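Structure first, then comments.
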Amino acid sequence: MSGLRESSAELTLREITEANRAEVEQLRVRPDQDTFVDGVVSSLAEASATPASNPWYRAIYAGDTPVGFVMIANDAPAQDKVIRWRYYLWRMLIDSRYQGRGYGRAALNRLIEYLRTRPGADELVTSVVPGEGSPLGFYLRYGFETTGEWFDHEQVLRLPLNAETARRNPIVGPTG
């Protein structure tokens, strides 16, 4: 794994199967980030427990190496009891060994590529726990905007999926 190079690794979002599940479940953020994002195992359990929210999850791969995990509510129904937004970035994590290499931005780029194929996907909403070590700055730099809303104890952010967002975050090269 030490040979993994961000510039040469093709970043993809792949289904989690019995063949890769154990390896993907081992992905972890840094210990100081645990309070800001749930792990893969608990995320998959939450997805299984809330099928009405249309969870869609993938492993984030750089080449043949799993480096992260992403989960969205994929066209959640308006009457959903868990998720209030149609397209909601429910979970995203990059394993501590691979942070700082551009994989988070590249994974969002890939996710947005996918969302642009979905009916009525005009914005992506997420929420973050604010505080020291929070991913809030990452999302704001990407182009998410604060909404002034709170979802439980998390600050709600939205990313319009329009031409301006595409201009600010062009999908170029293997890692975006």
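The values are calculated or read from the model by the stated rules, or taken from the named source; none is laboratory data. On a predicted model such as this, the values are computed, not experimentally measured, just so you know. Virtual Cβ from ideal backbone geometry, glycine too; neighbours counted across all protein chains shown.
Under the condition of being surrounded by 21 or more Cβ atoms within 10 Å (Cβ to Cβ) and over 18 Å from Glu123 (Cα atoms), the residues counted in the stretch 76-105 number 5. So which pairs qualify, if the first residue must be in the stretch 131-152 and on the phi < 0 side of the Ramachandran plot and touching a residue at least 40 places away in the same chain (Cβ under 8 Å), the second must be surrounded by 13 or more Cβ atoms within 10 Å (Cβ to Cβ) and in a loop (DSSP other than H, G, I, E, B), the Cβ gap must be under 8 Å, and the two must be at least 6 apart or on different chains? Qualifying pairs under 8 Å: Ser134/Phe36; Pro135/Phe36; Pro135/Val37; Phe151/Arg84. Which condition breaks for Tyr57 when tested against (1) farther than 20 Å from Arg118 by Cβ; (2) of a type in the set (Ser, Thr, Tyr); (3) not in a loop (DSSP other than H, G, I, E, B)? Just one mismatch for Tyr57, condition (1).
Within the stretch 18-44, the residues that satisfy the criterion of being among the aliphatic types (A, V, I, L, M) and in contact with a helix residue (DSSP H, G or I) (Cβ under 8 Å, 6 or more places away or on another chain) are Val24, Leu27, Val29, Val40, Val41, Leu44. Total residues in the stretch 97-152 satisfying the condition of being farther than 16 Å from Ala76 by Cα, in a helix (DSSP H, G or I) and in contact with a Phe, Trp or Tyr (Cβ under 8 Å, 6 or more places away or on another chain): the figure is 3. Candidates are the residues of the stretch 29-41 that are under 23 Å from Glu18 (Cα atoms) and touching a Lys or Arg at 6+ places or on another chain (Cβ under 9 Å); the one that is modelled with the highest pLDDT is Val40. Within the stretch 43-71, the set of residues being within 19 Å of Trp90 (Cα to Cα), surrounded by 12 or more Cβ atoms within 10 Å (Cβ to Cβ) and among the polar types (S, T, N, Q) comprises Ser43, Thr50, Ser53, Asn54. If you go through the stretch 106-140 and keep only what is of a type outside the set (D, E, K, R), exposed (fewer than 14 other Cβ atoms within 10 Å of the Cβ) and under 23 Å from Glu10 (Cβ atoms), you end up with just Thr117.
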